[in-house]
1. What does the charge add up to near W222, with Lys and Arg as +1, Asp and Glu as -1, over the other residues with Cβ less than 14 Å from its Cβ?
2. Cut-off is 10 Å between beta-carbons; in what order do M236, M186 appear when sorted fewest neighbours first?
3. Roughly how many debye, to the nearest 20, is the charge dipole of the chain about its Cα centre, given +1 on each Lys and Arg Cβ, -1 on each Asp and Glu Cβ, and no other charges?
4. Among D220, D227, D78, D250, which comes first, then next, by fewest other beta-carbon atoms within 10 Å?
5. Could you calculate the FRET efficiency of A318 with D264 from 1/(1 + (r/R0)^6), where r is the beta carbon distance between them and R0 is 22 Å, rounded to 0.05?
6. Points 7 angstrom from Cα along the Cβ direction at N131 and D70: gap in nanometres?
7. List the lysines whose alpha-carbon lies under 30 Å from that of K30, not counting same-chain residues fewer than 8 positions away?
8. Given a Förster distance of 25 angstrom, what is the FRET efficiency for H370 paired with D398, based on the Cβ-Cβ distance and rounded to 0.05?
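Bear in mind that the values in this text are calculations on the coordinates, not laboratory data. Computed from a predicted model, the values in this text were never measured in an experiment. Because the Cβ atoms are built from the backbone with ideal geometry, glycine has one as well, and the counts that use them run over all protein chains shown.
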Amino acid sequence: MCMIAAMTVCLTLAASQTSDAADRLHAMAKSLSPVPPPPTNPTNAFALSPAAALFGQRLFFDPGLSRAGDVSCSTCHDPTLAFADGKQVAEGLNTGTINSPTILGAAHHRWLFLDGRADTLWSQALGPIENDLEMGSSRTDAVRHIAGNEILRAEYTALFGPLPDVENLDRFPVNARPGRPQWEAMGTEDQHAITSAFVNLGKAIEAYERLLQPGHSDFDRWVASIDAGTSSTELMSPAAHRGFGLFAGDAGCRQCHFGPMFSDLEFHDLALPPRDPAAAPLPGRGAGYELLRKREFAADGIWSAAPGSTKARRAAGARIGPEHWGSFRTPSLRNVAKTGPYMHAGQFETLSEVLAFYNTLDGQVRRHHHAESVLQPLNFTPDQLADLEAFLKALSGDPPAILLRKPRRSNGTEPPKSAE
Ligand code: HEC
Ligand code: HEC
């Protein structure tokens, strides 16, 4: 309470408290922006090669890497949909059970896939090519596709050297991939030659994906202006400002969504209602951890350029507890307004549905007694929820350069050089 006599002191105190709060909020904002370059990946010697990135870009848009020539990486990671697909769960050759995440900023993640079963982008990229829900091809046919196309072959050999003699179908049978009789019938050296070339495709795709950084958003523009002391409402709306105050404060979102990617890069179980209550519950990290342990393309394995590096050794240090059963990786919130539906199984169509969930936790399904109980219902008013949503929308960034969003075709046609 301010007595009249002490009014001046009191006002000064109030003002300094306000400015302390503003300073704290600004410091917090700076911990979230700007997005730095992605961490280096010594396990891929081609990660920073511009020529590998150009080749990788061709591969990313090339349906020739799928069994029937009709699915490419860009089918589910569509540049016009912020490199996601706008669907509840992925649809490739078959319908999957998991929502396609954006790959903008994927190079920042420590664990790839929502259950973290891969630890490098290059090894991640090899999964969909041989996954029957996705592209359904085989490593042998993928390599044959490169060898059979003049441009792909020339770019491949310039980067990685000669390809195996895949025209010889006796030595390199159609559909040959591990687990199939065609593969088991091949000689060990031929298997090794195919896998080695296949790994190179993944390494080129990583070089391209590393260029797909989340662009500057209104939030980043505001954070950049803080030191300059420029008025902020022009850069970010008043609702988004209020929403940021809630996000960083009472809403507690920062417990898991922190750092420039707005993610702790680790795994949590929000006890979300399942997409299909009749289906078996998804194990998430519980299974992802086991798959990571058993993976063929390990960062500390024979296909890695730096098996002894800190990055490569990380998986060996990964730990799992019973609370990880059913947990999924905290997604980045950058570009989140563009990448619905939301959550690992696309449980929510819109951001307001996501926020309604966090507000009440209605529909939560606790699958076991080890489940985390970090989340508490927010009990926010509709206006507060609208502010939080306005803040999430202020995280939409400029898209990557147009040249990175267009297919480089294997028939030689290049994307137009002009801007959009
Ligand atoms: C049929 C749709 C589909 C196709 C085709 C597809 N993906 Fe994906 N992608 C997904 C889904 C779904 C996930 C998440 C799966 C999971 O977590 O289990 C994913 C995950 C990823 C991730 C990990 C992102 C993260 O945040 O961890 C990257 C990177 C990626 N895909 C790149 C690729 C590349 C490169 C290709 C082509 C070689 C490709 N995808 C083909 C649907 C697809
Ligand atoms: C306990 C850690 C944690 C807290 C606290 C938390 N989140 Fe999340 N958030 C996650 C995880 C994990 C997921 C993904 C869950 C899944 O798919 O199973 C997620 C998903 C989301 C998504 C969907 C993103 C997408 O691409 O599907 C949004 C939006 C989101 N959170 C916003 C928020 C907001 C806003 C708050 C604060 C009210 C918040 N989160 C608090 C961990 C957390």
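1. 0
2. So the ranking, lowest neighbour count to highest, is M186, M236.
3. In debye, rounded to 20, the chain gives about 600.
4. Values: D220 24, D227 9, D78 18, D250 12.
In order of increasing Cβ crowding within 10 Å: D227, D250, D78, D220.
5. 0.95
6. Roughly 2.0 nm, to one decimal.
7. Output for K30: K311, K338, K393.
8. 0.05
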